[in-house]
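**Q** If you scroll down you'll find the structure; I have some questions about it.
The values are calculated or read from the model by the stated rules, or taken from the named source; none is laboratory data. Owing to the predicted nature of the structure, the values given are computational and were not obtained by experimental measurement. Glycine also receives a Cβ, built like all others from the backbone with ideal geometry; neighbour counts cover every protein chain displayed. Accessible surface is based on the protein model in full, side chains and every heavy atom, while ligands, DNA and RNA are left aside. Shrake-Rupley method; radii C 1.70, N 1.55, O 1.52, S 1.80 Å.
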Amino acid sequence: MVVHNDIGNRQDIQTLVDRFYERVQADTLLAPLFSHLDWSKHLPVMYNFWSSLMLGDQSYKGNPFQKHINLPIDEEHFTRWLKLFTEVVDENFKGEKADEVKSRARDIAQLFQHKINLSKQVP
Ligand code: HEM
């Protein structure tokens, strides 16, 4: 039986982020949306983002929603994104922080979707 630890430090965040984006790059629906990215730049930004949320280290500075507003994404993409994220958390971690990171991801995904829908409405 594999025993999973909870998310406790920046190394854990890096493991989560690395494994999540490996999964994203292997996903036929999501991968094309990331094809232009320089991963050596994107991954450290994501380590900072999740470390700031989960460990409170304030390493992320930015406006995440701005980067998504013009992407051709809808509910299907968000559902897949969340499915992969939840799977990767569950395969690697277990505990309060693991639960928290999944609920944070869900909340932010919902907020992004809501804002994207609003921005598409004709005034
Ligand atoms: C369908 C779902 C999603 C897709 C396809 C997607 C795609 C992307 C892409 C392509 C970028 C890079 C933008 C660029 O630098 O040009 C990006 C950045 C980012 N994404 Fe997402 N994303 C999704 C959902 C989410 C969610 C749910 C979160 C948070 C929980 C998130 C957090 C971020 C953050 C923090 C950045 C970095 C922003 C910065 O550079 O400061 N994304 N995303």
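**Q** Which members of region 51-72 meet the condition of being under 25 Å from K115 (Cα atoms) and in a helix (DSSP H, G or I)?
**A** Once the filter is applied, which keeps residues that are under 25 Å from K115 (Cα atoms) and in a helix (DSSP H, G or I), region 51-72 yields S51, S52, L53, M54, P64, F65, Q66, K67.
**Q** Turning to a different aspect of this structure: Out of all the residues in region 28-40, which are under 19 Å from L84 (Cα atoms) and either more than 8 Å from the ligand (Cβ to nearest atom) or touching a Gly at 6+ places or on another chain (Cβ under 9 Å) (or both)?
**A** T28, L29, A31, P32, S35, W39
**Q** Here is a further query. Filter region 41-50 down to residues that are near the ligand (Cβ under 9 Å from one of its atoms) and either under 15 Å from the mean Cα position of the chain (by Cα) or in a loop (DSSP other than H, G, I, E, B) (or both), then give me how many there are.
**A** Result for region 41-50: 6.
**Q** Before we move on, is I108 of a type in the set (A, V, I, L, M), at pLDDT below 95 and either in a helix (DSSP H, G or I) or under 13 Å from the mean Cα position of the chain (by Cα) (or both)?
**A** Considered against the rule, which asks whether it is of a type in the set (A, V, I, L, M), at pLDDT below 95 and either in a helix (DSSP H, G or I) or under 13 Å from the mean Cα position of the chain (by Cα) (or both), I108 comes out as no.
**Q** When only residues in region 17-40 that are over 14 Å from V101 (Cβ atoms) and of a type in the set (D, E, K, R) count, which is farthest from the chain's Cα centre (by Cα)?
**A** Here the residue is D38.
**Q** While we're looking at this one, here's another question. May I ask you to verify whether N5 is open to solvent by 40 Å² or more (accessible area, probe 1.4 Å) and at pLDDT below 95?
**A** no
**Q** Among (1) surrounded by 12 or more Cβ atoms within 10 Å (Cβ to Cβ); (2) closer than 18 Å to E22 by Cα, there is one condition S40 misses while meeting the rest; what is its number?
**A** Of (1) surrounded by 12 or more Cβ atoms within 10 Å (Cβ to Cβ); (2) closer than 18 Å to E22 by Cα, only one is false for S40: (1).
**Q** Among residues belonging to region 87-114 that are within 8 Å of the ligand (Cβ to nearest atom) and either closer than 19 Å to D18 by Cα or in contact with a Leu (Cβ under 6 Å, 6 or more places away or on another chain) (or both), point out the one that is most open to solvent (accessible area, probe 1.4 Å).
**A** Ranking the candidates gives R104 first.
**Q** For A26, indicate whether it is of a type in the set (G, A, S) and open to solvent by less than 30 Å² (accessible area, probe 1.4 Å).
**A** No; evaluated as a whole, the condition is false for this residue.
**Q** Scan region 51-86 residue by residue and report those that are among the polar types (S, T, N, Q) and either exposed (fewer than 12 other Cβ atoms within 10 Å of the Cβ) or within 7 Å of the ligand (Cβ to nearest atom) (or both).
**A** Q58, N63, Q66, N70 - these are the residues of region 51-86 that are among the polar types (S, T, N, Q) and either exposed (fewer than 12 other Cβ atoms within 10 Å of the Cβ) or within 7 Å of the ligand (Cβ to nearest atom) (or both).
**Q** Given (1) surrounded by 16 or more Cβ atoms within 10 Å (Cβ to Cβ); (2) without any contact (Cβ under 8 Å) to a residue 12 or more places away in the chain; (3) hydrophobic (A, V, I, L, M, F, W, C), where does F20 come up short, assuming only one miss?
**A** Every listed condition holds for F20 apart from (2).
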